[in-house]
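The values are calculated or read from the model by the stated rules, or taken from the named source; none is laboratory data. Source: prediction; values computed, not measured. Counting neighbours? That spans all protein chains shown, and the Cβs are built from the backbone with ideal geometry, glycine included.
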Amino acid sequence: MDLLEMELAKARQSVSRAKLDLERAEELLGDDCGVGISLALCGRIRSAQRRVSEAKRQMVKIDPPARKASARLGSGSRARTGKAG
């Protein structure tokens, strides 16, 4: 499980970095820098948005939400549903 935890930590870090880059680019876009720089920032923002999406998707591949939900329910879920195991 250590490898899984390490991969999840890297994925979370990737999401955080991409979000931070996106926030910085959006803040810079708010400044009046001219059309050329604004166009470059728009490209940077789109790229950062893509990286955020890709990083989130990678995190879900590593640790899918369905697996988390089943782990939270544990073995007691059979008793609640009435199914014999």
Exercise for review: Select from the stretch 33-53 the residues that are in contact with a helix residue (DSSP H, G or I) (Cβ under 9 Å, 6 or more places away or on another chain) and either among the charged types (D, E, K, R) or over 24 Å from Ser16 (Cα atoms) (or both) and list them in ascending order.
Suggested key: Cys33, Ile37, Arg44, Arg50, Arg51
Check your understanding: Which one of the conditions (1) part of a helix (DSSP H, G or I); (2) exposed (fewer than 12 other Cβ atoms within 10 Å of the Cβ) does Ser14 fail to meet, given that it meets all the rest?
Key -> (2)
Point to revise | Long-range neighbours under 8 Å by Cβ, at least six apart or interchain, first residue within 19 Å of Lys10 (Cα to Cα) and of a type in the set (A, V, I, L, M) within the stretch 50-77, second loosely packed, with under 13 Cβ neighbours inside 10 Å and at pLDDT 80 or above | key: Ile62/Leu4
Review point. Of everything in the stretch 17-37 that's among the charged types (D, E, K, R) and surrounded by fewer than 16 Cβ atoms within 10 Å (Cβ to Cβ), which residue is nearest to Val52 (Cα to Cα)?
Key: Arg17
